[in-house]
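Colleague: This is the structure, below, for whatever I ask next.
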Amino acid sequence: MANPYDALAEVYDAAMAHVDYDRWARYVHQCLQVHGDEVISVLELGGGTGSLARRLQPLGNYEYVLTDGAAAMVEQARAKLDAANMPATCATAGFTTVTLAGLERREPFDAVVLVYDGLNYLTETEEVRACLERVKGLLREGGIAVIDHATPANSEDHEREFFDRGTVHGMTYSRHSEYDADTGLHRTTFDVVKQGRHFHEEHVQRTYAPHTIADLISGSDLKVEAAYDAFSFDSAHDRSHRVHWVLRKGT
Ligand SMILES: C[S@@+](CC[C@H](N)C(=O)[O-])C[C@H]1O[C@@H](n2cnc3c(N)ncnc32)[C@H](O)[C@@H]1O
């Protein structure tokens, strides 16, 4: 079995063709403009193949650093951002271990962004706590973070079982996803066939209720600026499918 995203990286953009990254980038940019004071440097965690970065960086002419835990995803991101002539740096780093020193950087960031379910890959609350601690260490005083997660309501209101397949650049992929409401775990298997070789990946994510994440944030030194329902500027609620948290370091 391959590690998550090792084989998927090359077909990830095709599998995510349904995602409206333009809208997502505009939304995150608005959050940064509304809540941030002078956001120049942005660190994206779990930035994947750079689909958000490619759109978000030019909106604010941000000084942009993209990280992801999967080296194969970072490789795709680097190629994509280089091809677009985009001034962004890419590095491999985990949510619970990333540090300024590891990124060979002295200056903390004005903003940290972690969106599209990256947090859901942390299946233990202790890991979410560790991630929030890392985010705090990466931000300057007064800096802000935009972090999202999918909720149990999202999985309950959609098909509990999901299957699709596609072909891109001569490679085929198929995806099968199942949700267990008792454990809150989403298990997705990807089967990728490239050049006659078959790769099998299993991805496990946990859905988090807004109040669970609120409790974890309250135990960190990050202050909640806003908890938004999905892509709106309305407050999140118990049936929100996705919550975008805007957090501030310091007062
Ligand atoms: C659903 S993808 C989203 C990627 C990207 N944000 C996007 O919008 O396309 C989740 C990403 O989180 C990354 N990831 C998962 N667990 C991680 C961890 N513990 N540390 C760093 N990255 C992680 C994966 O490698 C993957 O690229």
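Colleague: Restricting attention to region 213-222, and to residues there that are open to solvent by 40 Å² or more (accessible area, probe 1.4 Å) and assigned to a helix (DSSP H, G or I), which single residue is farthest from R140 (Cα to Cα)? Break it down into steps so the answer makes sense when it comes.
Modeller: Of all residues in region 213-222, those open to solvent by 40 Å² or more (accessible area, probe 1.4 Å) come to 215, 218-219, 221.
Cutting the leftovers down to assigned to a helix (DSSP H, G or I) gives us 215, 218.
Values: D215: 23, S218: 19 Å.
In this case the residue turns out to be D215.
This table checks each residue for (1) open to solvent by less than 60 Å² (accessible area, probe 1.4 Å); (2) of a type in the set (A, V, I, L, M, F, W, C); (3) outside any strand (DSSP E or B).
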| site | (1), (2), (3) |
| --- | --- |
| A145 | yes, yes, no |
| S155 | yes, no, yes |
| E159 | no, no, yes |
| F163 | no, yes, no |
| H186 | yes, no, no |
| Q205 | yes, no, no |
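Colleague: For F231, are the conditions met, namely being open to solvent by 30 Å² or more (accessible area, probe 1.4 Å), in a strand (DSSP E or B) and of a type in the set (F, W, Y)? Walk me through it before giving the result.
Modeller: Working: open to solvent by 30 Å² or more (accessible area, probe 1.4 Å): yes; in a strand (DSSP E or B): no; of a type in the set (F, W, Y): yes.
Taking the combined requirement at face value, the residue does not satisfy it.
Colleague: Could you list, ordered by first residue, the pairs with Cβ atoms under 8 Å in which the first is in region 233-251 and under 12 Å from V28 (Cα atoms) and the second is open to solvent by 20 Å² or more (accessible area, probe 1.4 Å) and of a type in the set (S, T, Y), at least 6 apart or interchain?
Modeller: Here the result reads H244/Y228; W245/Y228; V246/Y228, each pair linking region 233-251 to a residue that is open to solvent by 20 Å² or more (accessible area, probe 1.4 Å) and of a type in the set (S, T, Y).
Colleague: Now, a different point. Please specify each residue of region 47-85 satisfying the condition of being open to solvent by 30 Å² or more (accessible area, probe 1.4 Å) and outside any helix (DSSP H, G or I).
Modeller: Selection gives N61, E63, G69, A84, N85.
Colleague: Could you check, for region 181-192, whether at least one of its residues is modelled with pLDDT of 95 or more and under 23 Å from H35 (Cβ atoms)?
Modeller: Within region 181-192, none of the residues are modelled with pLDDT of 95 or more and under 23 Å from H35 (Cβ atoms).
Colleague: Which one is farthest from the chain's Cα centre (by Cα) among residues in region 178-194 that are closer than 12 Å to N154 by Cα and without any contact (Cβ under 8 Å) to a residue 40 or more places away in the chain? Working first, answer last.
Modeller: The first filter runs over region 178-194 and keeps only residues closer than 12 Å to N154 by Cα, leaving 179, 181, 184, 186.
From the residues that got through so far, the ones that are without any contact (Cβ under 8 Å) to a residue 40 or more places away in the chain too are 179, 181, 184.
Working: Y179: 20, A181: 22, G184: 19 Å.
Across region 178-194, the extreme among qualifying residues is A181.
Colleague: Are any of the residues in region 26-33 within 12 Å of the ligand (Cβ to nearest atom), at pLDDT 95 or above and open to solvent by 20 Å² or more (accessible area, probe 1.4 Å)?
Modeller: Checked region 26-33: no residue is within 12 Å of the ligand (Cβ to nearest atom), at pLDDT 95 or above and open to solvent by 20 Å² or more (accessible area, probe 1.4 Å).
Colleague: Taking region 115-130, which residues are touching a residue at least 40 places away in the same chain (Cβ under 8 Å) and either assigned to a helix (DSSP H, G or I) or near the ligand (Cβ under 8 Å from one of its atoms) (or both)?
Modeller: Passing the criteria: V115, Y116, D117, G118, L119, N120, Y121, L122, T125, V128, R129.
Colleague: Take region 139-155 and flag every residue that is more than 12 Å from the ligand (Cβ to nearest atom) and touching a Lys or Arg at 6+ places or on another chain (Cβ under 9 Å).
Modeller: Within region 139-155, L139, R140, E141, G142, G143, I144, A145, T151, A153, N154 qualify.
Colleague: Scan region 131-143 for residues that are among the acidic types (D, E) and open to solvent by less than 30 Å² (accessible area, probe 1.4 Å) and jot them down.
Modeller: Residues of region 131-143 among the acidic types (D, E): 133, 141.
Within region 131-143, no residue meets the criteria.
Colleague: For S41, indicate whether it is within 26 Å of G102 (Cα to Cα), of a type outside the set (D, E) and free of Cβ contacts under 8 Å to residues at least 60 places away in the same chain.
Modeller: Details: within 26 Å of G102 (Cα to Cα): yes; of a type outside the set (D, E): yes; free of Cβ contacts under 8 Å to residues at least 60 places away in the same chain: no.
In short, no.
The values are calculated or read from the model by the stated rules, or taken from the named source; none is laboratory data. If you're wondering where the values come from, they're calculated on a predicted model, not measured in any experiment. Positions of Cβ are generated from backbone atoms using ideal geometry, with glycine treated the same way; all protein chains shown enter the neighbour counts. Keep in mind that these areas ignore ligands, DNA and RNA; they rest on the heavy atoms of the full protein, side chains included. Shrake-Rupley method; radii C 1.70, N 1.55, O 1.52, S 1.80 Å.
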